[in-house]
Ligand SMILES: NC(=O)c1ccc[n+]([C@@H]2O[C@H](COP(=O)([O-])OP(=O)(O)OC[C@H]3O[C@@H](n4cnc5c(N)ncnc54)[C@H](O)[C@@H]3O)[C@@H](O)[C@H]2O)c1
């Protein structure tokens, strides 16, 4: 089951897992993309169920989860993938944008996990996958709300992992922290050192995530250089900031455009801002 699985890496992961024989459940808010994602899986001979579900709507999440359980039984693997980004300095973000980022990227995890974890606990089997980001490990400009939400996602996964371990529960967790990916969500971002910090290819990322899930890998960070951010934290803050700026982390988002035609709350806000600017 994949949230936000109608586009980007979510859609690709669904396709890969459907080919391996899994029944894919996709939740998304974008109805048009949901339909075409389902068609692609079906055309390739796969099994897919789609639900239009806004993961920020707690009660809708619980209701839709109930429908899923009635239709296919327990969910074995929950991939919390839906995510949005504002891409503005904190002081330029509207209250609604800040709220939406936290609601989708953080609170959405709580509601979906609350909906499906009890069955996993009862069956003593299951796998929770959280798509965080390299932005869940390192702060960057124009990403304050996104950084906060993805650090939270990282902590959520880590804490759940400890809970399951402490209680010897057979429930796996995998946290995914990729650098920028060429899905369009971060259209316009630049990398200063493409060899060290490449903009990742969406199909490669999707394949690596599926492989990580299959091998019960607890943590996947891409590319490897992002790991060094933890070592860099031993250094004085001024040195950490200098290295981070040198690597282009403070300029990567300067020409951020993001998704046009984004139906998420932040996408609608971007569209409204654009129209306001165009009309002077
Ligand atoms: N693209 C990148 O550079 C990048 C890098 C690191 C991490 N990530 C993370 O990977 C995940 C997938 O990103 P992507 O690039 O494939 O993005 P994407 O925009 O292609 O896909 C996100 C999907 O989430 C859906 N969605 C948004 N709000 C929703 C809501 N409230 N309820 C249900 N669905 C909702 C969207 O409609 C969309 O189909 C996100 O969590 C993102 O933060 C992306």
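The numbers here are math on the coordinates, done by the rules we state, and not lab data. For clarity, every value in this text was computed on a predicted model and none was experimentally measured. Here Cβ is always computed from backbone atoms with ideal geometry, including for glycine, and neighbour counts include all displayed protein chains.
With an 8 Å cut-off on Cα pairs and a minimum separation of 6 or more residues, tell me the relative contact order of the chain in percent. Result for the chain is 18 percent.
The length gained by stretching the chain between residue 242 and residue 163 to full extension, at 0.36 nm per residue less their Cα-Cα distance, is 24.8 nm.
Using a Gaussian network model of the chain in which every pair of alpha carbons under 10 angstrom is joined by a spring, one finds that among 47, 105, 147 the greatest mean-square fluctuation is at 47. Set the Förster distance to 22 Å, then compute FRET efficiency between residue 199 and residue 257 from the Cβ-Cβ distance, nearest 0.05. Calculated transfer efficiency: 0.95.
Kindly provide the helix-only [θ] at 222 nm of the chain, computed as the sum of -39,500 (n - 2.57) over DSSP H runs of four or more divided by all residues, to the nearest 500 deg cm²/dmol? Each step should come with its number before you reach the end.
Working: 10 runs with 129 residues, N = 280.
My calculation for the chain gives -14500 deg cm²/dmol from helical runs alone.
Over all pairs of different C-alpha atoms, the stretch 67-148 has a mean inverse distance whose reciprocal, the Kirkwood radius, equals 14.3 Å.
Potential lengthening of the chain between residue 42 and residue 95 amounts to 15.1 nm, from the contour at 0.36 nm per residue minus the alpha-carbon distance. Here residue 187 and residue 207 are evaluated by their C-beta separation; at R0 = 22 Å the FRET efficiency comes out at 0.50. Across all Cα pairs in the chain, the calculated P(r) in 5 Å bins from zero up to the longest distance comes to 1, 6, 12, 17, 19, 17, 13, 8, 5, 2, 0, 0, 0 percent per bin. Return, ordered by residue number, the residues of the stretch 18-39 whose backbone nitrogen is under 16 Å from a label point located 7 Å along Cα→Cβ of residue 63. Residues 28-29 fall inside that zone.
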